[in-house]
Every structure is written in C-alpha cells, then in structure tokens.
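The values are calculated or read from the model by the stated rules, or taken from the named source; none is laboratory data. Remember, predicted model here, so these are calculated numbers, not experimental data. Methodologically, a virtual Cβ is constructed for each residue, glycine included, from the backbone with ideal geometry; neighbour enumeration extends over all protein chains shown.
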Amino acid sequence: MANEFPTTGDAAVRLLLGMVEESEQAKIAEMAEDDLINLHFGLGLWIRNNLGFYDGNTQLLRDSGKENPDDASFAIIYAFWQQLRGALPRIH
C-alpha cells in the first residue's frame, strides 16, 4: 500500500472485502465467533503489518476504539466477520 491506509474500520472492512478471495470469505463467514482468534497470526498479522498500525496510522487505531494494534486488528476481523455473515459491522 502506498501510504494510503484506511482510516476507519469500515474502510478497512471494505478493503478486506475487495481483497480476500471469496473462498476464504466463505470459510471466515462459517467460523464460530470463538474461533475468530485463530485468525490472529494470519489475517490479523496482515492487517497489523499492512494497514499502517506500525507506520503512524493512528486514525485507524483510534477509530477501532482499541489501544493497541493487536486488539484493533481483532476488532477489524470481527467487523469483517459480521459483514460476511450479513450483520452490520460494529468496530467498537
């Protein structure tokens, strides 16, 4: 990404919707909520490393309502999961 990081959770979810393959989206949608933690070192790591959490994207961190990149990336994963399941995403 060319320093044009999403600054809101909604924008991050839209990015994931356009980037994650449909077959993977289907797998994530079928996951139980308690199993989402299993995405921490895969999708979560990608989010932390590529959405600017370590490059000054304080806007996305602030919008997530979380204090650290680990928790913020999980909030984005949770909102992504909700979107895939047809619920309105809720970052906070």
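Is it the case that ASP10 is surrounded by fewer than 20 Cβ atoms within 10 Å (Cβ to Cβ), assigned to a loop (DSSP other than H, G, I, E, B) and touching a residue at least 40 places away in the same chain (Cβ under 8 Å)? Judged against the criteria, ASP10 is not a match. Any residue in the stretch 66-86 that is in contact with a helix residue (DSSP H, G or I) (Cβ under 8 Å, 6 or more places away or on another chain), in contact (Cβ under 8 Å) with a residue 40 or more places away in the chain and of a type in the set (Gly, Ala, Ser)? The answer is yes, given that some residue of the stretch 66-86 is in contact with a helix residue (DSSP H, G or I) (Cβ under 8 Å, 6 or more places away or on another chain), in contact (Cβ under 8 Å) with a residue 40 or more places away in the chain and of a type in the set (Gly, Ala, Ser).
Of everything in the stretch 35-74 that is under 15 Å from LEU17 (Cα atoms) and of a type in the set (A, V, I, L, M, F, W, C), the residue that is nearest to the chain's Cα centre (by Cα) is ILE47.
When the residues of the stretch 38-58 are narrowed to those that are in a loop (DSSP other than H, G, I, E, B) and among the small types (Gly, Ala, Ser), which ends up modelled with the lowest pLDDT? Ranking the candidates gives GLY56 first.
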